[in-house]
Amino acid sequence: MSRLAHIVWHRLTGLMPGELNKAELAWLLSPHFHLTLLSRRRATMIVNRVRLFAFLFAVLTPLWSIIDYLVFPFPLWFALASMRILASVAFGLLVLYYRPSGSLTDAYRAMALLFAIPTIFYVATHQLLVNYQLTGMQAAIGAGYAFLPFVLLAGLSIFPLTLLENILFALPMLLAQAVSGIISWATLDWPSFAGAFWLLTLITGVSTLAGLSQLAFMIALVRQAIRDPLTGIFSRRSGEEVLELQFIISCRSNAPLAVAFLDLDHFKSVNDSYGHEAGDEVLVGATESIADNLRRGDMVARWGGEEFILIMPNTDLEQAQQAMRRLRQSGFGTRPDGRPVTASIGLAERIEDGAQDWKTLVERADQRMYKAKESGRDRIVADDIQ
């Protein structure tokens, strides 16, 4: 059985050649495996697509009242039109007042609202329509209301969702379809109902695969965008995003946040004496040494050239100095001539330095890094005292 599951999984992942590496395949199953930067980008995309979907429904939902007016008796038309207007207003409010925040929780809430509105509308209209004996054209138009769950489940395909998220969002709509069958139990055409439910399940499967494919493509793009192509660590832009997020979290929880600005000493001489290829090898070696000795929860980004930023959440200045001493003891690799690579390090901490934003914090660490260079290099500077 396990071998069969392995074969099936291998076949499925083979449908996305080159998009994901082996470590990223688990990211398709649950959002708990995702990097913070991926979650923020995905949350923004989800909310933007929710608003697009809601705008479309806000415009189209009331327009169908014209068709209803032509075929249904006035009491039924009025009730349906009232429901359509309420649904349209709800969709409009979602468009007007929901904005991307980068929070996955907000994105989930937006999706829940988006799908809750038509789901409630579907259950309410279905219960209303079963009280009327519709024939001919009226029955044909009334049957059209039964297709709303199909549209909703197909709409899941535009969102980059994990397998778990797809299941959780599709389940309420499948349950709503089951509830509608229970409501009309006495007059239910069971073969027709079973066929419709199977079709809904099939559409859910197709939408899930489409969403997973979107997510896989997004993971690949985000990986390329957030990683430095040479060293594989965070790029400067990604480092800025992480710093901004960690600074906000630090302020809200009144927790320390330390930053180390690290510059490799005499790196230009490596490029000048041995060539840029040798310089790249030194950079990669230094990066590997830094990454291997990072504490759990710390992050490193290449800031530019031979400069790196180390982000240390929940770390005060003394703890940061201890961490940097251990890092210096471990070393930063070797130069082409066999001598050890050294680095000048400047440290800053949000509370200790009274930084009002993450840029000020980085600038303070940068200034201290230059002070370390002026003082003879290969050292740590953690204050402004000469």
For Thr135 the rounded accessible area (nearest 10 Å², probe 1.4 Å, non-protein molecules ignored) is 100 Å²
The size of the Cβ-based charge dipole (Lys, Arg +1; Asp, Glu -1) of the chain about the Cα centre, to the nearest 20 debye, is 800 debye
Here the relative contact order (percent) of the chain, from C-alpha pairs under 8 Å and at least 6 apart, is 13 percent
By the mean-Cβ-within-10 Å protection proxy, highest first, 330-336, 308-314 rank as 308-314, 330-336
Counting only DSSP beta bridges fully inside the stretch 274-386, the antiparallel percentage to nearest 5 is 75 percent
Across Gln329, Gln224, Gln321, the residue with the highest GNM fluctuation in the chain (Cα network, 10 Å cutoff) is Gln329
Carbon plus sulfur, as percent of the 1.4 Å-probe accessible area of the chain, comes to 62 percent
Here the membrane-span-like helices of the chain, with no claim about any membrane, defined by DSSP H, Cα axial extent at least 18 Å and mean Kyte-Doolittle at least 0.0, are 36-63, 74-97, 104-129, 163-183, 190-226
Once the dipole of the chain is set up from charges on Cβ (+1 Lys and Arg, -1 Asp and Glu), the residue from the list Ile290, Ala365, Leu94 lying farthest towards its positive end is Leu94
Heavy-atom accessible area per residue of the chain, all protein chains kept, 1.4 Å probe, expressed in Å², is 52 Å²
Rounded to one decimal in Å, the inverse mean reciprocal Cα-Cα distance for the stretch 29-122, i.e. its Kirkwood radius, is 14.6 Å
Burial-style ranking of 257-266, 143-152, average other-beta-carbon count within 10 Å with highest first, yields 257-266, 143-152
Log10 I(q)/I(0) at q = 0.21 Å⁻¹ for the stretch 85-142, from Debye over equal alpha-carbon scatterers, is -0.84
Long-range share for the chain, i.e. C-alpha pairs more than 40 Å apart as a percent of all pairs, stands at 38 percent
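The values are calculated or read from the model by the stated rules, or taken from the named source; none is laboratory data. Here the structure is a predicted model, which means the values were calculated and not measured. We place every Cβ from the backbone using ideal geometry, glycine too, and count neighbours over all the protein chains shown. The area values use the complete protein model at the heavy-atom level, side chains included, leaving out ligands, DNA and RNA. Shrake-Rupley method; radii C 1.70, N 1.55, O 1.52, S 1.80 Å.
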